[in-house]
Amino acid sequence: MKFTPEKYNIEDRPGIPFIDADEIEKMLGTAVSDRKVVGKIIEKSLSKQRLSLQDVAVLVNTTDPELIELIKEGAKTLKENVYGNRIVLFAPLYIGNFCSNNCKYCGFRASNPHAERRTLSHDEIVKNVEALEENGQKRLILVFGEHKNYSADYIAETVRTVYQVKKGNGEIRRVNINAAPMDLDGFKKVHEAGIGTYQIFQETYHPDTYRKYHQGGKKADYEYRLTSLDTAFEAGIDDVGIGALFGLYDWRYEVMGLVRHVNHLEACYNVGPHTISFPRLQNASDIDIDEDYLVSDEEFVRIIAILRLAVPYTGMILTAREPKEVRDEVLQFGCSQIDAGTKIELGAYAEEFNKAQNLDKEQFLIRDDRSLNEVIDELLDHGYLPSFCTACYRKGRTGQHFMEFSVPGFIKRYCTPNAILTLVEYLLDYAPVETRIKGWKVVHENIEKLNGFGRKDELLNRIEKIKQGERDIYF
Ligand code: SAM
Ligand code: SF4
């Protein structure tokens, strides 16, 4: 479903760079935060109106601890009222770490002599996907370095391979990709292979900082990177993910950059990004970074709360780069997807796995190495509803988060029932007894919370079918 948002900037044109660093710095230099203004902005967001870039500048400029609490409370309320308690789970699968770029913060960069390079063979991909399926995963993001070995044809073929792997009741129902920008034909090829989201991060929206950190390879071109999602849209991909790597430049500027990117896509294509990612810089093999802009835990919470209020109908992804305690804390402020059971060493899902990370074999340090089931257990303990739902994508319901946000009853009609159905599958096929007991309790509580809305009988009927052995039923 498409929508017509307020047009932010009539200057926005498909494929034309849209970040004006001076404009952003000026807004940051002039936006004044006080109780009245912050209160109004939060109210605006809770009443489902778009925040302007100027509003976002006020939120990021807020330093008064009481007002910061208000912002966090606002984000929490928005998350609870609009999205409820579902958390969608996925896992990353690194396919290859050859790379011709030289991003100074990344262990895979071409100039790192310590990096142990590897590309999974067809057989290894199959074995890793089987291992992921045997754990209960249903949604993957495939990750690639930027290298001639990883052409659009190769990526498309890899996506098809992953979809074909079936182990027991297991299957991967949604394959997203994080890979270098492609040309129009390349994007068309991966689109045809049935990718879910095409995800790519600008890393930093600040041109000078971008140049400082990206000194080699195609990625050195800021504007090429910035407009790559325009090319994806032109190729027919309308499900994209954006992100900034927090820690390279002032987080306030990067939040503004992300929101400006959302505005650009909405203005040009009438649809915003499906997801926003906000990875924080982690240690990696032989990296070279300034530490001036590293983001503290407290600032990280603010980033998430502000983004939630600013772009209320965009999914927000929180990854295992963050330690468990941080993940537990920030989930309440608006994240809708997390990875779980994550291993980023190439091939590690199918091999004897050593929990101690060897950074020369990995892109960066991950700080949450819990298994999928451990994460599910804790989500259940904290009242969340773990979900592997892929229904909107497969039913062609695009603009999913926008519908969740704005179509009355959408979550009760589709999202919660589908989350429940996928959790039931997990409980029956993969969960140990203790998780199963907890899980069924959460299933029943969530059915009751539907308050008879919509299709409780049909939902119970479908749960019964799953118990009888049917799989992959969704609304
Ligand atoms: N080669 C592709 C690209 O650059 O777009 C794939 C990207 S990489 C495998 C996924 C993301 O990890 C990058 O876009 C970057 O934001 C992030 N990343 C790289 N180094 C990192 C580090 N040291 N700590 C945290 N995240 C990092
Ligand atoms: Fe290569 Fe991506 Fe790492 Fe840059 S971030 S060096 S492009 S893998």
> Which order do peptides 229-238, 128-137 fall in by mean Cβ count within 10 Å, highest first?
Replying inline: 128-137, 229-238
>> For the stretch 319-359, which trypsin sites (Lys or Arg not before Pro) pass both filters: DSSP loop (anything but H, G, I, E, B) and at most 14 other C-beta atoms within 10 Å?
In response: 355
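Which order do peptides 166-173, 309-316 fall in by mean Cβ count within 10 Å, highest first?
Highest mean packing first, the order is 309-316, 166-173.
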>> Using protein chains only and a probe of 1.4 angstrom, how many square angstrom of residue 274 are accessible, to the nearest 10?
In response: 20
> How much of the DSSP beta bridge set in the chain is antiparallel, as a percent to the nearest 5?
Replying inline: 10
>> Given the whole protein assembly as supplied and a 1.4 Å probe, what does the accessible area of residue 436 come to in Å², nearest 10?
In response: 90
> What does the convex hull of the Cα atoms come to per residue for the stretch 393-467, in Å³?
Replying inline: 100
> Using Cα pairs under 8 angstrom and six or more residues apart, how large is the relative contact order of the stretch 393-467, in percent?
Replying inline: 34
> Taking the Cα centre of the chain as the origin and placing charges on Cβ (Lys, Arg +1; Asp, Glu -1), which of 350, 235, 19 is farthest toward the positive end of the dipole?
Replying inline: 235
>> Counting only Cα atoms, I'd like the Rg/Rh figure for the chain, Kirkwood definition for Rh.
In response: 0.94
> In the chain, what cysteines have no partner Cβ closer than 4.7 Å?
Replying inline: 99, 268, 335, 389, 392, 415
>> Exceeding 18 Å between C-alpha atoms, which entries from my cross-link table qualify? They are 166/438; 395/456; 44/72; 36/72; 40/76; 104/148.
In response: 166/438; 395/456; 104/148
> Hey, got the dipole for the stretch 379-427? About the Cα centre, +1 on K and R Cβ, -1 on D and E Cβ, debye to the nearest 20?
Replying inline: 280
> Assigning unit charges at the beta carbon (Lys, Arg +1; Asp, Glu -1) and nothing else, what dipole magnitude in debye, to the nearest 20, does the stretch 393-467 show about its Cα centre?
Replying inline: 200
> Probe 1.4 Å, all protein chains in place: accessible area of residue 342 in Å², nearest 10?
Replying inline: 10
>> Taking the Cα centroid of the stretch 269-308 and of the stretch 203-228, what is the distance between the two, rounded to the nearest whole Å?
In response: 16
>> Given Cβ point charges of +1 (Lys, Arg) and -1 (Asp, Glu) and nothing else, what value in debye, to the nearest 20, does the dipole of the chain about its Cα centre take?
In response: 1520
>> Below 8 Å, C-alpha to C-alpha, sequence gap of six or more: please give me the relative contact order for the chain in percent.
In response: 21
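Using the Cβ atoms and a cut-off under 12 Å, what net charge is assigned to the surroundings of residue 213, where Lys and Arg are +1 and Asp and Glu are -1?
Summing Lys/Arg as +1 and Asp/Glu as -1 gives +2.
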> Alpha carbon centre of the stretch 250-267 versus the stretch 126-202: separation in Å?
Replying inline: 27
> What is the Cα coordinate range of the stretch 263-398 on the first, second and third principal axes, sorted by size from largest, in whole angstrom?
Replying inline: 44, 37, 29
>> Which residue, 419, 435, 247, has the largest displacement toward the positive end of the dipole of the chain when charges sit on each Cβ (Lys, Arg +1; Asp, Glu -1)?
In response: 419
>> With every protein chain kept in place and ligands, DNA and RNA left out, what is the accessible area per residue of the stretch 393-467? Probe 1.4 Å, answer in Å².
In response: 46
> Under the Karplus relation 6.51 cos²θ - 1.76 cosθ + 1.60, θ = phi - 60°, what is the ordered set of whole-Hz ³J(HN,Hα) values for the stretch 457-469, x standing for Gly and Pro?
Replying inline: 4, 5, 5, 4, 4, 6, 4, 4, 4, 5, 4, 7, x
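The values are calculated or read from the model by the stated rules, or taken from the named source; none is laboratory data. If you're wondering where the values come from, they're calculated on a predicted model, not measured in any experiment. Neighbour counts are summed over all protein chains in view; Cβ atoms, including those assigned to glycine, are modelled from backbone coordinates with ideal geometry. SASA here: full protein model, heavy atoms, side chains in, ligands and nucleic acids out. Shrake-Rupley method; radii C 1.70, N 1.55, O 1.52, S 1.80 Å.
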